[in-house]
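Below: the structure, in structure tokens.
Every number in this text was worked out from the coordinates using simple rules, so none of it is lab data. Keep in mind the model is a prediction, meaning the values are calculated, not measured. Neighbour counts are summed over all protein chains in view; Cβ atoms, including those assigned to glycine, are modelled from backbone coordinates with ideal geometry.
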Amino acid sequence: MASITFDRVTKRYDNGFTAVRDLSLAVADREFLVLVGPSGCGKTTSLRMLAGLEDITQGKLYINDRCINEVPAKNRDIAMVFQSYALYPHMTVFDNMAFSLSLQGVPKAEIQTRVRQAAQQLDIEALLDRKPKQLSGGQRQRVAVGRAIVRDPAVFLMDEPLSNLDAKLRVQARAELSKLHRQLGTTFVYVTHDQVEAMTMGTRIAVMNQGVLQQVASPQELYDSPSNTFVAGFMGSPAMNFLPARVVSAEQGWGIQTATLALPVPLTLADRVQPYGDREIILGLRPESLYDPDHRPANRTLIAVPIAVTVVERMGNEAIIYGTLQDGQEIVARVDPRCQFQVGEAVELGLDVDRVYLFDPTTGQAI
Ligand code: ATP
């Protein structure tokens, strides 16, 4: 049982740089919480404070009800898997996995049992006598996870553990870690800059930018209802399109006008858009809300978005269309793979008017 609470935690390094600012975040027992954000946003620093590898400048950190600010790393009942794996090169896989247990004085027979159990769970039993240099990247990654598992910690911390794997292996390892999380029933805090990893593995995702927590939510909620332009632009690939726009009077209530498009305000946003009447806003369009009109969903209201096609990426299961609007603004759409658009062609995409996002241009907050 381990819940984690960051209570207004700040980290200022000795050079005066604030890497994490006023972080408040509660991780529930057994949760798989992913900390995600671009390089330098403070996610590793947050994890290292939790692990006890970095002092906390301000605020309090709790595991369950116990404040751990002053508790040494070795007494926190936490195991961490590093991006580099940090395996001891001169030791066998078995010894790497057994090392921390030996240090704790765990009896030899029990070490044998725990290492073998973990090796079985990770399908690396056949590798126990090898040295790390005799392993593939994927196998090393499993050993690093195995070394954490044998300790049976209350909390697992993982810092980009899959970033050294090739794309295919990473997909496989993602699924394995999710399965492991369910099997172990332990709290996981996982750091990555990869939004796909965050979306696929996290029960909840905490998005950070420049040391500041932006939003914490389930993957779907984060995608469907981003709280600001940063989260909206970070989660989703290709990223959301942002167009400068204005809220204008329309026949019924308010409409949205960009340099080249006029569309109604979705009913769901009608009330919230009131204070923005006659003001600038930012219009956000997910690439998948723009359709090839020949392969459009039924029962949706689409408006025409004329573009000049600049790039067509055929992915097999979908086509990514890059183009420019009449004012030169770039736009990207994810459409049906049967789409016949050609580079250089002037075409019309269909925008689902009920699937648009509106943001305040000053604060970046969702309207
Ligand atoms: P990455 O994905 O690149 O590891 P991150 O989000 O994990 O990025 P951190 O490693 O937490 O980022 O670093 C956050 C900020 O703090 C960065 O700007 C980094 O340069 C700075 N930083 C990290 N360690 C120190 C240090 N010891 N002294 C001063 N600044 C530091």
With Cα atoms, 0 to 90° folded angle of helix 108-121 axis to the chain main axis: 20 degrees
Full-extension gain in nm, Leu184 to Ala262, via 0.36 nm per residue minus C-alpha separation: 22.8 nm
Fluctuation leader among Ala262, Ala126, Ala148 - the chain, Gaussian network, Cα springs under 10 angstrom: Ala126
Span from the segment 147-200 Cα centroid across to the segment 1-66 one, whole angstrom: 18 Å
Sites Leu103 and Ala26, calculated FRET efficiency, Cβ-Cβ separation with R0 30 Å, nearest 0.05: 0.40
Among Phe94, Phe82, Phe341: highest mean-square fluctuation, GNM of the chain, C-alpha pairs under 10 Å: Phe341
Residue of Pro238, Pro132, Pro297 that the Gaussian network model of the chain assigns the largest fluctuation, springs spanning Cα pairs under 10 Å: Pro297
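Find how much the distance from Gln340 to Ala250 grows on full extension, using 0.36 nm per residue of separation minus their present alpha carbon separation; answer in nm with one decimal.
28.9 nm
For the chain, what is the charge dipole size about the Cα centre, in debye to the nearest 20, if Lys and Arg each add +1 at the Cβ and Asp and Glu each add -1 at the Cβ? Each step should come with its number before you reach the end.
Details: 37 positive and 41 negative charges, 307 e Å.
Taking the Cα centre of the chain as origin, the dipole is about 1480 debye.
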Among beta bridges that DSSP assigns inside the chain, antiparallel share in %, nearest 5: 75 percent
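As a check on your grasp of the helix formula, calculate [θ] at 222 nm for the chain: sum -39500 (n - 2.57) over DSSP H runs of n ≥ 4, divide by the residue count, round to the nearest 500. Please list the in-between numbers first.
On the way: 9 runs with 88 residues, N = 367.
Counting only the DSSP helices, I get -7000 deg cm²/dmol.
Can you sort Val273, Val207 so the residue with the fewest Cβ neighbours within 10 Å comes first? Each step should come with its number before you reach the end.
Numbers: Val273 19, Val207 27.
With the sparsest Cβ surroundings first, the list reads Val273, Val207.
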Positive dipole terminus of segment 196-308, leading residue within Leu261, Tyr223, Pro275 (C-beta point charges): Pro275
Options Thr57, Thr44, Tyr85, ranked by Cα towards positive dipole end of segment 42-121, top entry (Cβ charges): Tyr85
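Let me know the number of lysine pairs in the chain closer than 18 Å at the Cα, not counting same-chain pairs under 8 apart. Don't skip to the end; give the middle numbers.
Numbers: Lys11/Lys43; Lys11/Lys60; Lys43/Lys60; Lys168/Lys179.
Summing the qualifying lysine pairs gives 4.
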